[in-house]
Amino acid sequence: MRLEESVQSLAGIGDKTAKALDKVGVFSVRDLLYYLPRAYIDYSRVRKIKDMKISESGLIEAVIFSSPKTRYVRQGMEITSFQVSDGSAVARVDIFNQVHIKKFIHEGDTVYIYGKLAVQMKKPCITSPVFFFRKPEDPFYPVYPLTAGLKQAVLRKALKEALLHVRVPEPYSAGFLERFALPGLHDALRKAHFPENMEQADAARGRVVFDELLVFCRMIELLDEEKRQRSEVVLSIGQDEVDSFASRLGFAPTAAQRRIMGEIARDFGGVSYMNRLLQGDVGSGKTALAFFAMECMQKNGCQSVMMAPTEILAEQHKKAAARLFGEERVSLITGSLTAKQRREEARRIEEGEASVVIGTHALIYKEIKFKNLCLLITDEQHRFGVKQRAAISGSHDVHSLIMSATPIPRTLALVLYGKTDISIVDELPPGRLPVKTYLIRKNKYKDMIGFIRRELQEGRQAYIVCPLIEEGEMEARSAQEVYAEMSAHFEGLPAALLHGKLKSAEKQRIMREFAEGTVKALVSTTVIEVGVDVPNATVMAVMNAERFGLAQLHQLRGRVGRGKAQSYCFLVSDQKSAAARLRVMVETNDGFEIAEKDMDFRGSGDMFGTRQHGQGAFLVRDIRQMDKARKALAVMRKSESFRREYETVSEMAAERMREKMMEIVLN
């Protein structure tokens with residue numbers, strides 16, 4: 001078996017699983033080996049029920065104490081319950097919507113259960129645990145990011161086979177590994193997936209991180225060496241144009257917005273194409289600045305494109321753009337268009353009738369051709385590489401504006417984005433009320449529910465967000481479970497459940513109903529983190545808030561506080577260890593301060609997310625290793641002994657620039 005072979009060469013991976021792996025960028029055996037776990041479950045120690053604390057998770061060896069019984073809570077919600085004993089205590093086990101499990105549960109059998117201990121009616125209870133009928137063979141189980149159609153067990157089995165039949169070649173010499181205290185690559189990948197302890201896992205991941213950052217640092221150098229292409233679209237934008245646009249916005253731009261309009265105008269008049277990162281806190285007015293850039297283009301006979309992460313947000317942008325530019329000058333391209341509608345919009349774009357184009361990834365249709373495209377506006381959520389960008393721009397260079405809603409400390413942004421010019425919108429529009437944030441413990445949970453119900457009864461709307469729970473992760477309540485609870489609490493007030501496994505059309509329908517006010521309470525996973533602007537939403541409740549990074553919580557909180565009414569954010573968590581970190585959210589609404597704190601508490605890996613799949617992807621797990629990688633690169637450049645390693649890293653960096661062009665992944 002070779003590293004370049006398709007993942008389908010591994011046992012257990014058929015067409016359906018291969019398609020699911022395609023979605024996360026895993027195509028080859030090599031890609032799979034670099035698809036690192038996002039967490040590990042500790043099965044190395046068997047716990048006693050009486051020794052476990054409430055809300056603590058652990059592995060229990062127990063005997064089934066009673067026959068399973070199923071009760072039907074409502075349509076689509078069935079709970080199968082039985083009791084187990086480990087000699088220290090008796091606990092009830094509840095399993096949701098898995099009636100078939102009854103035929104495997106027999107009184108007197110020994111089982112191994114991993115789950116979180118709770119107390120209901122003063123008795124121990126474990127909800128939705130992971131079951132084993134013999135002790136888990138691996139002391140630490142890897143937990144991988146999943147998508148629809150992908151299962152943890154299938155990934156683990158495939159990875160064990162891959163590690164058994166292929167060997168990842170070591171790109172560095174023994175002297176290099178010794179000089180920088182690095183483990184061998186193949187051994188590091190094996191231990192990253194199947195460690196015997198967490199120290200092994202950390203050291204193994206550290207090797208992969210080092211390799212990725214070494215290439216990343218070389219990419220930064222190559223970008224520094226590369227001259228920016230000379231612009232063929234030089235525009236003269238004066239203060240009159242800035243003032244004219246500002247007068248049509250319907251509100252007075254902040255000083256920060258006016259400053260950045262000037263920066264964009266100077267870029268358009270410069271000798272090189274604009275390549276600017278527009279970074280701003282939630283609600284700081286980045287969209288208005290994007291419209292200013294599009295206005296500059298339109299007035300000079302040029303076309304511009306703005307990408308939106310969801311269809312509903314694209315529709316909202318289109319309505320706002322139509323008010324500014326006129327309906328006849330704006331085109332909307334989404335996946336929901338019929339073939340006839342798409343042909344008509346494609347005609348308007350190709351003939352130059354539409355100069356302002358807004359859309360989703362549907363813009364990468366071959367029939368979409370531009371008459372004179374000069375500006376491309378994306379946001380960091382799109383992770384556009386050169387190929388996708390070329391598919392829109394027709395392979396010629398254009399001015400580029402990247403909008404980022406994830407606050408990043410400026411020095412870190414400079415590291416991540418290299419020579420990209422950076423504009424920071426560091427001022428919120430006047431009169432906007434800051435969102436009031438509260439940390440909710442168990443004793444205040446009922447009060448919070450009552451408060452949300454009153455907000456809904458007064459005509460407001462609420463988001464209730466749960467972590468995405470994957471197989472084997474029992475640290476949080478499921479969105480389905482919370483939806484059932486909220487439906488009972490908010491009887492007579494329409495609620496909906498939204499998560500990533502729903503079909504796209506169903507997700508769009510639910511989000512549209514929430515945006516229109518038909519749905520009052522939206523129970524969701526983090527799919528709403530970037531999605532839709534609903535000024536009437538005044539409550540954001542985040543369950544198991546300890547499971548999120550501060551930057552991600554700040555993004556979720558940014559879904560509310562967009563209207564004139566006072567808004568509230570409730571962070572539900574009983575984990576004392578997370579209290580200090582979550583308290584930062586209570587104390588400040590400043591996204592940049594939160595970003596700094598997030599890096600202090602968790603390391604930048606959790607703040608930015610980790611893209612681990614695909615041969616050409618970046619793995620920015622811990623940006624603090626950047627200094628080590630830079631020093632290593634400097635040594636390699638000067639040392640004849642490491643010339644081969646330096647040439648290898650340089651070739652990889654050049655290839656990734658061609659393929660991905662700085663594809664950095666943020667929460």
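Quick note: the coordinates plus some simple rules give every number you see, no bench work behind them. Not measured: the values here are computed from a predicted model. Glycine gets a Cβ as well: all are built from the backbone with ideal geometry, and neighbour counts include every protein chain shown.
Summary table below
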item: Cβ-derived FRET efficiency at R0 22 Å, Gln566 paired with Arg323, nearest 0.05; result: 0.20
item: FRET E, pair Ser9, Asp187, Förster distance 22 Å, beta-carbon r, rounded to 0.05; result: 0.45
item: Within region 436-588: Cβ-based charge dipole about Cα centre, in debye rounded to nearest 20 (Lys, Arg +1; Asp, Glu -1); result: 440 debye
item: 222 nm mean residue ellipticity, helices alone, for the chain (DSSP H n ≥ 4; -39,500 (n - 2.57); rounded to 500); result: -11500 deg cm²/dmol
item: Residues of type lysines that Lys69 reaches as a straight line, Cα spacing below 24 Å, ignoring anything fewer than 8 places off in the same chain; result: Lys102, Lys103, Lys116, Lys122, Lys123
item: Cut-off 11 Å between beta-carbons: net charge of the residues surrounding Gln508, Lys and Arg +1, Asp and Glu -1; result: 0
item: Percent of C-alpha pairs per 20 Å bin, the chain, short to long; result: 16, 48, 31, 4, 0
item: For q = 0.19, 0.22 Å⁻¹, Debye-computed log10 I/I(0) when each Cα of region 72-160 counts as one equal scatterer; result: -1.09, -1.27
item: Cα-centred dipole magnitude for the chain, charges only on beta-carbon of K, R (+1) and D, E (-1), debye, nearest 20; result: 1260 debye
item: Most positive-pole-ward Cα, Phe292, Ser81, Thr254, against dipole of the chain from beta carbon charges; result: Ser81
item: Gain in span if fully extended, Arg637 to Asp138, counting 0.36 nm per residue against the direct Cα distance; result: 175.5 nm
item: Net charge of neighbours whose Cβ lies under 12 Å from the Cβ of Phe132, counting Lys and Arg as +1 and Asp and Glu as -1; result: -2
item: Distance in nm between pseudo-label sites at Arg266 and Glu107 (7 Å out along the Cβ direction from Cα); result: 8.1 nm
item: Computed lengthening from Ala339 to Arg248, 0.36 nm per intervening residue step minus Cα-Cα distance; result: 29.3 nm
item: Length-normalised contact order for the chain - Cα pairs under 8 Å, 6+ apart - percent; result: 14 percent
item: Options Cys569, Ser478, Ser504, ranked by Cα towards positive dipole end of region 436-588, top entry (Cβ charges); result: Cys569
item: Förster-model FRET efficiency, 30 Å R0, Asp202 and Ala579, C-beta, rounded to 0.05; result: 0.75
item: Label-point separation in nm, Tyr445 to Arg432, each point 7 Å along Cα→Cβ; result: 3.3 nm
item: Spread of Cα-to-Cα distances over 10 Å intervals beginning at zero, given as percent, for region 436-588; result: 11, 45, 37, 7, 0
item: Where no second cysteine Cβ lies under 4.7 Å, the cysteines concerned in the chain; result: Cys125, Cys217, Cys296, Cys466, Cys569
item: Whole-Hz couplings from phi, Karplus 6.51/-1.76/1.60, listed for region 136-151; x for Gly and Pro; result: x, 6, 9, x, 10, 8, x, 10, 9, x, 10, 9, 4, x, 10, 10
item: Dimensions in Å of region 200-340 - Rg and Dmax from alpha carbons; result: 19.7, 62
